[in-house]
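Worksheet: the structure to be examined is printed underneath.
The values are calculated or read from the model by the stated rules, or taken from the named source; none is laboratory data. It should be emphasised that the depicted structure is a prediction, and the values quoted were computed from it without experimental measurement. Neighbour counts are summed over all protein chains in view; Cβ atoms, including those assigned to glycine, are modelled from backbone coordinates with ideal geometry.
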Amino acid sequence: MKYVIIIPDGCADEPQAALDGRTPLQAAQTPSMDAIARAGIVGSAHHVPAHLPAGSEVANMSLLGYDPNQYFTGRAPLEAAAQGIELRPQDWAIRCNLVTIQGQVMRDFTAGHVSTDEARQLLGTAQERCGDPAVEFLAGVSYRNLVIYRPQLNRAPFSRETRATPPHDLTDQSVLDDFPRGPGSDQLTQWMNDSEGWFAEHPVNAHRIAAGKRPATHLWLWGLGQQPTLASFESQHGLRGKMITAVDLLRGLARLIGWDCIEVPGATGYTDTDYAAKGRYAVAALPDCDLVCVHVEATDEASHEGNIAAKIAALEAIDQNIVGPLWDALRDQGDYRVLITPDHPTPVRTKTHSHGEVPWVLAGTGIQPGGMMTYDESVAAASPHSFPQGHELMRRFLHGSGTIQVGQAASTP
């Protein structure tokens, strides 16, 4: 049996007046996803408990079958794992965005999609100017970076009660009431405020402004946490997996559960990603593992920009270049199952992640067609196949047989 999971990040959305009351998923031309719906079943899942942040860190942990109530410790430690960074029990990882704040308003949580090389230079200056030997600024990809806090003698000032707002939740909003709160928040806020002076006359920003680009005016610190302990996916399910993604969060999750990561040239984590290359690499990986997971960030990025047309275009590119080729390859090779699901909704109206149900579609060996004709939010909402505890969907996908039982929590038949 071969298994494929495809994650169009944040693709779940609301009906849009501009689309005559349809969602982007309903408006997009997705013949391959709809064919899978006709061959299998469509349902819904809720991946983010109400008391946890509605972000990809919680939602993807649940999507991969791990109860976030048990395992979630913060976003940044997952991204640290992606870079092979070892955290001691007393260490903390902190997500570090380069952002554009002007007039105390979050104008751009990506600092105009600052380049990785530019980010490295800016963080080098932050390291020099910070002057704290316990702090290490580490460049990631573009605006997505990390701070590692390694206390030498005393414990870190942070705790699980420390709260910080993701910058993508503040697009075009005032930041005055959204600085960190709780234990250690004064230290985080000081670094964020100090960064304005560190970057004000920086050569990187001078060149960006001269080129008509947005400067990286500040560091924005959030998503902090300590090293989680996750049981391997193989020990849980007896299967070896591989992950295709351009996002460190998913790389980190994959490595923590024992999956290999496949790096695809041209995969950017944005709407300009090479969808076809992702599809080709996924098909090529099938013979050498039990499960291939393809994560695509483009739909989420389009939502953060409030760009309906870009979100539809991303969905259509995913369907044509990833879903279609994998669907064909699976049916040619024998027993298989395929699951397509976003992690969380990201409405283009709000430009940020939200709690709520997401639609999934599942087909393959042992799954009887349920009479659904399309894959979208309205079909999922009307379906009796629901997983209020989203992490239970994975066990049913992998180990369920025959027709999935209506309204029943995931358990192996």
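Conditions tested, residue by residue: (1) touching a residue at least 12 places away in the same chain (Cβ under 8 Å); (2) part of a helix (DSSP H, G or I); (3) loosely packed, with under 15 Cβ neighbours inside 10 Å.
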residue: T171; (1), (2), (3): yes, no, no
residue: P183; (1), (2), (3): yes, no, no
residue: A206; (1), (2), (3): no, yes, yes
residue: G212; (1), (2), (3): no, no, yes
residue: L219; (1), (2), (3): yes, no, no
residue: L224; (1), (2), (3): yes, no, no
residue: Q236; (1), (2), (3): yes, yes, no
residue: A246; (1), (2), (3): yes, no, no
residue: L250; (1), (2), (3): yes, yes, no
key: Selection from the range 1-24 of residues that are in contact with a Pro (Cβ under 7 Å, 6 or more places away or on another chain), of a type in the set (G, A, S) and not in a loop (DSSP other than H, G, I, E, B)   = A12
key: Answer from D260, D248, D319 - the residue that is of a type in the set (D, E), under 16 Å from the mean Cα position of the chain (by Cα) and not assigned by TED's automatic domain parsing to the domain that holds P167   = D248
request  = Within the range 63-73, identify whether any single residue is touching a helix residue (DSSP H, G or I) at 6+ places or on another chain (Cβ under 8 Å), of a type in the set (G, A, S), buried (at least 24 other Cβ atoms within 10 Å of the Cβ) and under 30 Å from M373 (Cα atoms), and answer yes or no.
outcome  = no
Complete set of residues in the range 151-180 that are in contact with a Lys or Arg (Cβ under 7 Å, 6 or more places away or on another chain) and either closer than 16 Å to W92 by Cα or among the small types (G, A, S) (or both) = R163, P180
Lone unmet requirement of (1) crowded, with 16+ Cβ neighbours inside 10 Å; (2) without any contact (Cβ under 8 Å) to a residue 12 or more places away in the chain for S383 = (2)
remark   = Taking first residues from the range 152-166 that are surrounded by fewer than 18 Cβ atoms within 10 Å (Cβ to Cβ) and second residues anywhere that are modelled with pLDDT under 90, the pairs with Cβ under 7 Å that are 6 or more apart or on different chains are none
ask   = Which one of these is at pLDDT 95 or above, over 26 Å from R150 (Cβ atoms) and within 19 Å of the chain's Cα centre (by Cα): S32, S44?
value = S44
query = Among the listed residues A54, A28, which satisfies the condition of being among the small types (G, A, S), out of contact with any His (no Cβ under 9 Å at 6 or more places or on another chain) and either crowded, with 24+ Cβ neighbours inside 10 Å or within 29 Å of E377 (Cβ to Cβ) (or both)?
reply = A28
Subset of the range 352-397 that is in contact with a Phe, Trp or Tyr (Cβ under 7 Å, 6 or more places away or on another chain) and assigned to a loop (DSSP other than H, G, I, E, B) - its residue that is farthest from L170 (Cα to Cα) = T365
task = Might you let me know whether the range 286-293 holds any residue that is of a type outside the set (D, E, K, R), assigned to a helix (DSSP H, G or I) and over 20 Å from A45 (Cβ atoms)?
result = yes
ask   = What number of residues within the range 2-22 satisfy the criterion of being on the phi > 0 side of the Ramachandran plot and surrounded by fewer than 16 Cβ atoms within 10 Å (Cβ to Cβ)?
value = 2
message = Going residue by residue through the range 110-120, is there one that turns out to be in a helix (DSSP H, G or I), over 25 Å from the mean Cα position of the chain (by Cα), modelled with pLDDT of 95 or more and surrounded by 14 or more Cβ atoms within 10 Å (Cβ to Cβ)?
response = no
